[in-house]
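What follows is a single structure, written as C-alpha cells, with notes after it.
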Amino acid sequence: MDSVVNLTVHGIGPTSRELDPGEDATWVSVEQFERVLDAAVGRQDVRITFDDGNASDVEIALPRLLDRGLTAEFFVLAGLLGEPGRLDADGVRELVAAGMRVGSHGWAHRDWRRLDGEQAEEEIADANRLLGELTGRPVSRVAIPFGSYDRRVLGRLRRAAVTRAYTSDGGRARPGSWLQPRNSLRHDIDGTWAPRIIDGTPPLPLRVRRVAARAFKRARG
C-alpha cells in the first residue's frame, strides 16, 4: 500500500454543548457521517480519526463503526474529560473495550505554537500520561490542535517520544510516516465528497501547494 487517506471527524448530529467560534464548520449530520463510513468500508487505505473528545464519539459514532466492522482512532482532550457534551472517563474506556485506539489531542485545545514551557508539558506529556493511565496502555500518538505546528512543536513532540503526529494538512499520506496529513469532514460535504477524497487524484497545482505548505510549517518557528 503506497499511500493512505486519513479522515478527521469532529462532532456529529445535534450539538450538546456551546461550540467555539467556527467550530460549527466541522460539525456534520448523522447522514453525512454515515455516507463517509459507507465509502470507507473494505478500504484498507482509509483511516478514520476523531478529534476533540465529543460525546457523539460514543453516542453516535461508535455503534455505526461497529455495525460496519470499522475501527478508528480517537484523539481526546485530556483536560476536558467529563465536561458537558464531551467524553468522560467511562466513555474513553468504552472506546478501548470496543477495539478502538485512543490518542491525545492535548489538554485544553490550545494552539501548540503559542505555549510556554509549562503549558507544553501539560498539553503533551501530562495529557499522554493521564490518557495512558485511563486506558491502561501507553498513549504516544497525537493529533495537533488546529493543525498548527512548526519546527519547535515538532521538536517538542519528538522529545516527548510521540510516535505519530496527525495534522490537518489534507491529501494522502505514506502509511508509516511520522507526520500524517488528514482531511477534515465539514458541514457542507455532500455524497460525492468521500469518494473524491478517497479515490480522486488532486490536480498537480494543489498537490504542489500542499507539499510547499507542509515544508514551510516544518521549517518555521
Cβ pairs under 7 Å, 6+ apart or interchain, first in the range 20-36 and in contact (Cβ under 8 Å) with a residue 24 or more places away in the chain, second of a type in the set (S, T, N, Q) and surrounded by 13 or more Cβ atoms within 10 Å (Cβ to Cβ), ordered by first then second residue, are Thr26/Ser184; Trp27/Thr15
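What number of residues within the range 2-23 satisfy the criterion of being basic (Lys, Arg) and either in contact with a helix residue (DSSP H, G or I) (Cβ under 7 Å, 6 or more places away or on another chain) or open to solvent by less than 20 Å² (accessible area, probe 1.4 Å) (or both)?
From the range 2-23, those basic (Lys, Arg) are 17; that's our starting set.
Subset that is either in contact with a helix residue (DSSP H, G or I) (Cβ under 7 Å, 6 or more places away or on another chain) or open to solvent by less than 20 Å² (accessible area, probe 1.4 Å) (or both): none.
So the answer is 0.
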Restricted to the range 155-177 and to residues being touching a strand residue (DSSP E or B) at 6+ places or on another chain (Cβ under 8 Å), under 19 Å from Val76 (Cα atoms) and not β-branched (Val, Ile, Thr), the residue surrounded by the fewest Cβ atoms within 10 Å (Cβ to Cβ) is Arg164
Result of the Cβ filter at 7 Å on the range 168-190, keeping first residues that are among the polar types (S, T, N, Q) and partners that are open to solvent by 70 Å² or more (accessible area, probe 1.4 Å) and modelled with pLDDT under 95, at least 6 apart or interchain, is none
Reported set for the range 128-146 where residues are under 23 Å from Asn6 (Cα atoms), aliphatic (A, V, I, L, M) and touching a helix residue (DSSP H, G or I) at 6+ places or on another chain (Cβ under 9 Å) is Leu131, Val139, Val142, Ile144
Filtering the range 145-154 for residues that are open to solvent by 60 Å² or more (accessible area, probe 1.4 Å) and on the phi > 0 side of the Ramachandran plot leaves a count of 1
Scanning the range 48-79 for residues that are among the charged types (D, E, K, R) and either without any contact (Cβ under 8 Å) to a residue 60 or more places away in the chain or closer than 17 Å to Thr26 by Cα (or both), the one surrounded by the fewest Cβ atoms within 10 Å (Cβ to Cβ) turns out to be Asp67
Among (1) farther than 18 Å from His109 by Cβ; (2) surrounded by 13 or more Cβ atoms within 10 Å (Cβ to Cβ); (3) modelled with pLDDT of 95 or more, Lys217 falls short only on (3)
Inspect all residues belonging to the range 24-36 and state whether any of them is within 30 Å of Arg158 (Cα to Cα) and crowded, with 20+ Cβ neighbours inside 10 Å. no
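Looking at this structure, is Leu130 under 22 Å from Ile48 (Cα atoms), at pLDDT 95 or above, of a type in the set (A, V, I, L, M) and buried (at least 18 other Cβ atoms within 10 Å of the Cβ)? Show your work before the answer.
Numbers: under 22 Å from Ile48 (Cα atoms): no; at pLDDT 95 or above: yes; of a type in the set (A, V, I, L, M): yes; buried (at least 18 other Cβ atoms within 10 Å of the Cβ): yes.
In short, no.
The values are calculated or read from the model by the stated rules, or taken from the named source; none is laboratory data. Note that the coordinates shown come from a computational prediction; the quantities given were computed from them, not determined experimentally. Every residue, glycine among them, receives a Cβ derived from its backbone with ideal geometry; neighbour counts consider all protein chains shown. The accessibility values were calculated without ligands, DNA or RNA, using every heavy atom of the protein model including side chains. Shrake-Rupley method; radii C 1.70, N 1.55, O 1.52, S 1.80 Å.
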